[in-house]
Amino acid sequence: MLPIPAPQLVGQLRWRYATKAFDPARTIPPETWQALEEILVLTPSSFGLQPWKFLVLTDPALREALVAHSWGQRQVADCSHFVVFAIRRDLGEAEIDAHLARVSEVRGTPPAQLAGYRSMMMGSLVEGPFRPQINEWATRQAYIALGSFMTAAALLGVDTCPMEGLEPAKYDEALGLAATGHATVVACAAGYRAATDRYAALPKVRFPHARVIERR
């Protein structure tokens, strides 16, 4: 498979911005959205554990109700697709065993050969001193997924807006996440920019290479 040209990649990332106003009349085509969902599934994670759930919200009434829990930001309701990135709270032995069962299923690896890998994960994430930070660890994994999603969307010509400006507990309540063992950490609106969004024409503001990149 041929890689995309470097200028195209950079050009699309210069094109993207945190879209402030979406065109509610435009919907992401099904084949494009299917690719973006696949990007979420393919996101890498520490140990391959995938400690997350991605809730794709398209129901207008539900999204309108979430605006009140999103600092009044209309992107939630006006975008084509709205994704809530939720972590698996207090990930433990059951999740590790589920992952190993999937490894065995997909790769045909006998469970006995995964015993050392299981021991390493248990010692690091469940039984070791890292345990108190397990939800913070899971949150960092979710942000890897967010970055992958936004980059892929830009390459497909889809606008996005990452959103931390929300009330996680209210989201959890509205989406019934507590009962599933998950918790909201961030969200992302996806769709197409409105012609009236003045931010689309503003120059992208970044520090120069010399300030942020150091070669040794």
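Read the figures in this text as sums done on the coordinates, not as results from a lab. Remember, it's a predicted structure, so these values are computed and weren't measured experimentally. Every residue, glycine among them, receives a Cβ derived from its backbone with ideal geometry; neighbour counts consider all protein chains shown.
A few points about this structure:
- For the chain, size of Cβ-based charge dipole, Lys and Arg +1, Asp and Glu -1, in debye: 960 debye
- Highest-fluctuation residue, Pro162, Pro129, Pro24 considered, GNM on the chain with Cα pairs under 10 Å: Pro129
- Amide H contacts under 5 Å for Phe22: Ala194, restricted to partners 5 or more places along the chain or on a different chain, H placed in the peptide plane at 1.01 Å from N.
- Sequence-distant residues sharing a close amide H with His182 (under 5 Å, placed H): Arg89
- Overall shape: oblate for the range 1-87, with the ratio a/c of the largest to smallest alpha carbon gyration tensor axis at 1.5 or above and b/c at least equal to a/b.
- Comparing Glu105, Glu38, Glu95 in a Gaussian network model of the chain (Cα springs below 10 Å), the most mobile by mean-square fluctuation is Glu105.
- Candidates Met163, Met121, Met150, ranked by Gaussian network fluctuation over the chain, Cα under 10 Å, top entry: Met121
- If R0 is 22 Å, the Cβ-Cβ spacing of Glu173 and Glu37 corresponds to a FRET efficiency of close to 0.30.
- Extension reserve of the Ala94-Val67 stretch, reckoned as 0.36 nm per residue once the Cα distance is removed: 6.2 nm
- Couplings 3J(HN,Hα) of the range 73-83, computed from phi: 6, 6, 4, 4, 8, 8, 6, 6, 10, 10, 10 Hz, in residue order, whole Hz [Karplus 6.51 cos²θ - 1.76 cosθ + 1.60, θ = phi - 60°; x for Gly and Pro].
- Separation of the range 86-116 and the range 183-216, taken as the distance between their Cα centroids, equals 36 angstrom.
- Hits among lysines - C-alpha to C-alpha of Lys204 under 28 Å, sequence gap 8 or more where chains match: Lys20
- Percent of beta bridges antiparallel (DSSP, the chain, rounded to nearest 5): 95 percent
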